[in-house]
1. What is the number of the single condition among (1) touching a Leu at 6+ places or on another chain (Cβ under 9 Å); (2) surrounded by 13 or more Cβ atoms within 10 Å (Cβ to Cβ) that LEU3 does not meet?
2. Given the structure, is ALA116 open to solvent by less than 20 Å² (accessible area, probe 1.4 Å), more than 16 Å from ALA11 (Cβ to Cβ), small (Gly, Ala, Ser) and out of contact with any Gly (no Cβ under 9 Å at 6 or more places or on another chain)?
3. In the range 18-33, which residues are free of Cβ contacts under 8 Å to residues at least 60 places away in the same chain, more than 10 Å from the chain's Cα centre (by Cα) and open to solvent by 10 Å² or more (accessible area, probe 1.4 Å)?
4. Of the numbered conditions (1) assigned to a helix (DSSP H, G or I); (2) within 18 Å of the chain's Cα centre (by Cα), ASP104 satisfies every one except a single condition; which is it?
5. When you scan the range 36-62, how many residues do you find that are within 11 Å of ALA23 (Cβ to Cβ) and in contact with a His (Cβ under 7 Å, 6 or more places away or on another chain)?
6. From ILE92, ILE113, ILE82, which residue is in a helix (DSSP H, G or I), under 20 Å from LYS16 (Cα atoms) and more than 12 Å from the chain's Cα centre (by Cα)?
7. When the residues of the range 70-98 are filtered to those that are of a type outside the set (A, V, I, L, M, F, W, C) and open to solvent by less than 50 Å² (accessible area, probe 1.4 Å), which remaining residue is modelled with the highest pLDDT?
Amino acid sequence: MELQELHRDCAKRQKKGLHFILASVVVWGLILAVHLTHYSMETKNILTFCCSAILFPLAWGVSKMLSIDFEGKGNPLTKAGIIFSVNQMLYILIAMWVFAAVPDKMLMVYSMIFGAHLMPYSWLYQSRSYLILSIVIPILSLVVGLLFQPFVLCIVMIIIEMLFSFLLYRECGTK
């Protein structure tokens with residue numbers, strides 16, 4: 001297979017990662033619930049990390065409901081997608097530092113990391129939505145995170161992820 005064919009195969013079988021983006025709507029909803037509590041910021045930040053832990057199992061469940069090939073076996077580009085995901089774990093160390101140094105801004109940094117990690121998927125899935133949102137999310141997260149309470153950022157992220165899901169659904173339907 002040539003590279004373009006591998007890209008198309010990966011995007012088609014994995015529906016451009018739609019299952020992960022749909023799962024992230026749920027995760028951001030849980031994070032919103034956490035940030036609407038009266039817990040301390042430290043507790044909210046710890047619970048934010050805990051909420052994120054369910055992303056992979058939730059995405060797996062969504063992939064089963066939508067008949068999406070979760071593993072993408074047989075396509076060597078799937079390994080690149082795994083590397084892109086694992087790479088984010090290294091960036092989470094930055095959020096952990098912010099957790100200790102500036103706890104009120106941890107969610108802002110966390111959402112910036114989330115958005116920025118999407119950029120390589122624009123190459124993997126040949127997706128304009130991933131490219132645009134990988135730039136918009138970090139910038140919007142910075143602005144909203146500096147001007148508003150963290151729960152407002154959660155609401156913005158839920159809206160963005162819902163929009164993102166819609167855009168990916170449309171991209172998958174047109175390819």
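1. (2)
2. Working: open to solvent by less than 20 Å² (accessible area, probe 1.4 Å): no; more than 16 Å from ALA11 (Cβ to Cβ): yes; small (Gly, Ala, Ser): yes; out of contact with any Gly (no Cβ under 9 Å at 6 or more places or on another chain): yes.
For ALA116, the condition - open to solvent by less than 20 Å² (accessible area, probe 1.4 Å), more than 16 Å from ALA11 (Cβ to Cβ), small (Gly, Ala, Ser) and out of contact with any Gly (no Cβ under 9 Å at 6 or more places or on another chain) - is not met.
3. From the range 18-33, those free of Cβ contacts under 8 Å to residues at least 60 places away in the same chain are 19-20, 23, 26-27, 30, 33; that's our starting set.
Next, only the ones that are more than 10 Å from the chain's Cα centre (by Cα) stay: 19, 26, 30, 33.
If the condition is that a residue be free of Cβ contacts under 8 Å to residues at least 60 places away in the same chain, more than 10 Å from the chain's Cα centre (by Cα) and open to solvent by 10 Å² or more (accessible area, probe 1.4 Å), then VAL26, LEU30, ALA33 are the ones that fit.
4. (2)
5. Of the range 36-62, the ones within 11 Å of ALA23 (Cβ to Cβ) are 52, 54-62.
Filter once more, so that each one left must be in contact with a His (Cβ under 7 Å, 6 or more places away or on another chain): 59, 62.
Adding up the residues that qualify gives 2.
6. On the way: ILE92 fails: under 20 Å from LYS16 (Cα atoms); ILE113 fails: more than 12 Å from the chain's Cα centre (by Cα).
Step by step, each of ILE92, ILE113, ILE82 is checked, and only ILE82 is in a helix (DSSP H, G or I), under 20 Å from LYS16 (Cα atoms) and more than 12 Å from the chain's Cα centre (by Cα).
7. Our first condition is that a residue be of a type outside the set (A, V, I, L, M, F, W, C); within the range 70-98, this holds for 71-76, 78-79, 81, 85, 87-88, 91.
Now drop any that are not open to solvent by less than 50 Å² (accessible area, probe 1.4 Å), which leaves 72, 75, 78, 81, 85, 88.
Values: GLY72: 81, ASN75: 89, THR78: 85, GLY81: 84, SER85: 84, GLN88: 82.
The residue in question is ASN75.
Conditions (1) crowded, with 17+ Cβ neighbours inside 10 Å; (2) part of a helix (DSSP H, G or I), marked per residue:
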position	(1), (2)
SER122	yes, yes
GLN126	yes, no
LEU133	yes, yes
ILE137	yes, yes
SER141	yes, yes
LEU146	no, yes
VAL152	no, yes
VAL156	yes, yes
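The values are calculated or read from the model by the stated rules, or taken from the named source; none is laboratory data. Treat the numbers as computed from the prediction; the structure is a model and nothing was measured. Note that we place each Cβ from the backbone using ideal geometry, even for glycine, and neighbour counts take in every protein chain shown. To get the accessible areas, we keep the full protein, side chains included, count just its heavy atoms, and leave off ligands, DNA and RNA. Shrake-Rupley method; radii C 1.70, N 1.55, O 1.52, S 1.80 Å.
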